[in-house]
Amino acid sequence: MTRRPWWRPLWSLSSFVGAASVLAVAWLAGCTTMPQGSARAMGGLSPVAPGSDSVSERSLRGDPSFDPSTLTGRAAEHYRGVMHAIRSPNPEFDPMTLAASDDLYQYGRRLHVYVQGVLAVFRTTGDLALLDHVDEILETMRAELRDPWRDTEDRTDGTRDGYLNWAWRYSSGGEVYPGKDINKLDEMKTHAFVAMVAVALDTNRDLPSPSGRAYGAHADFWRSYLVDHFEAKWREREGVPSGFPIMTRPHMHTYLSWLKWHYYMGLLTGDPAYAVEASSMAEWFWGEIRLVDGDGGPAFAWPRSVLALGGGQDYLMPTTYATSVYADAVELHLEGFDRWARPEAPERFARTFVEFVVDSDDPITNGFASDVGGGRRRAGVRSDARAWPRMTPLGFAESGFPLVAAWDATGTIAELGRDVRALIGPDGGLMIEAGGFLNEVLNVPEP
């Protein structure tokens, strides 16, 4: 496998983003088609300057001295819940089973959000046992990599292109996608979280793993795989030997994952061109975020597609897809990137959920709204709620929504987490426990 020279960043995250931002500004200055919406059309937020007090950076650096016995109260309770969910997962949502599935659909969606929950707790504790768990997940996925298509429905098994891949296995894909690595959506989402974990491993390569895992060697493998297999494959397919964009899928949740891939690849390789593209993509993403007035203050509304880039789904994003947008919002807030770094960003996402998605007095019985506008037109974006199912309490438990509890001034999301946990039991509740833990350690008081 041809590899780029090994590189490890010698500067801090803030200084890297600062340098990349300078390049991004220069690049964007020559672009005449960037979104030019008002502040209300950019979520009412401006990008955060590197080093600003508005940056809420929570590093992916571990802390070998972390001692869970120092936690008290609800923080200790939620931490124990996180570890229980890891050690005794619900058989219907076992991350190791998902990791061994060789299924891009499961990797890019359910497993992606799960790993975001684990790493959110890792960012706030430095507990290397959590990094070991995530590394085990990726090494299990690594064992499934191979070149030929397999289990296809159009009898194209054995087709090779010289690049390692995982297969797409969702049952309703017809004959086009199953057994292959050509579904752009889940290719983007899967490799965004692989790049995120690779950065976490690289950041901790000099620290001792509690279970003897080789952080550095594994980070090196993923860097090489991401550049020499995943990226090289898609550049070849798309006819883009250099430069950006490599490809575009103009739907908000996928576009945000693809943005993350570029952001983390910049950190992983040291090539600022990735960071420039991530900053460019952030402008397009936020150009679709509308500021709306909620009863408790500003909230957000946004369409399913990036309309300015030609996406055709002009209705409010279904909660089915919003789950990953919420997990990404917390991840990028803790990472201190762009507008997500401002505290108002997760606060407004939280308010959207509390005031619009929670659309009844008894969501445990009635479920949750099927889109982020609560089934009503918001900020000029129509609702297509009847075409999408309502989210169930179990859907909430597996989603990214519980992670924004820390920024919900009403305490509604934390309370919902406790109610759903009482309903489904302690198994399979990692996202609820992770959200509850963040709510405690980030010191956002409940009323």
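Taken together, the values in this text are just the output of simple stated rules run on the coordinates, not laboratory data. Worth saying up front: this structure is predicted, and the values here are computed from it rather than measured. Quick reminder, even Gly has a Cβ in these numbers, built from the backbone with ideal geometry, and neighbours come from all protein chains shown.
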Pick from Gly294, Gly336, Gly239 the residue whose mean-square fluctuation is largest in a GNM of the chain, springs joining Cα atoms under 10 Å.
Gly239
Which whole-number percent is the relative contact order of region 292-333 (Cα, under 8 Å, 6+ apart)?
24
Total formal charge among the other residues, if their Cβ is under 10 angstrom from that of Met247, Lys/Arg +1 and Asp/Glu -1
+2
Using +1 at the C-beta of Lys and Arg and -1 at the C-beta of Asp and Glu, which of Leu130, Trp388, Val227 has the Cα lying farthest in the positive direction of the dipole of region 13-441?
Trp388
Ala214-Tyr170 pseudo-label distance in nm [points 7 Å out on the Cα-to-Cβ vector]
3.5
Please work out the Kirkwood hydrodynamic radius for region 128-184, using every pair of different C-alpha atoms, and report it in angstroms with one decimal place.
12.5
Given region 73-206, what whole percent of its Cα pairs are spread farther than 20 Å?
49
Dipole size in debye (nearest 20) for region 205-345 around its Cα centre, Lys and Arg Cβ +1, Asp and Glu Cβ -1?
320
Residue with peak Gaussian network fluctuation, the chain [Cα springs, cutoff 10 Å], from Asp202, Asp157, Asp408:
Asp157
Picking from His253, Gly411, Gly117, whose Cα lies most toward the positive end of the charge dipole for region 13-441 (charges on Cβ: Lys, Arg +1; Asp, Glu -1)?
His253
Suppose R0 equals 45 Å; then what is the FRET efficiency for Arg418 and Asp314 from their Cβ-Cβ distance, rounded to the nearest 0.05?
0.75
Mind checking the dipole of the chain: about its Cα centre, +1 per Lys or Arg Cβ, -1 per Asp or Glu Cβ, Debye to the nearest 20?
760
Read through the labelled values (i) 0.94; (ii) 0.97; (iii) 1.28 and report the label of the one computed as Rg/Rh (Cα atoms, Kirkwood Rh) from the structure.
(i)
Is the shape of region 320-447 rounded, prolate or oblate, going by the alpha carbon gyration tensor and its root eigenvalues a ≥ b ≥ c, with a/c under 1.5 for rounded and a/b larger than b/c for prolate?
oblate
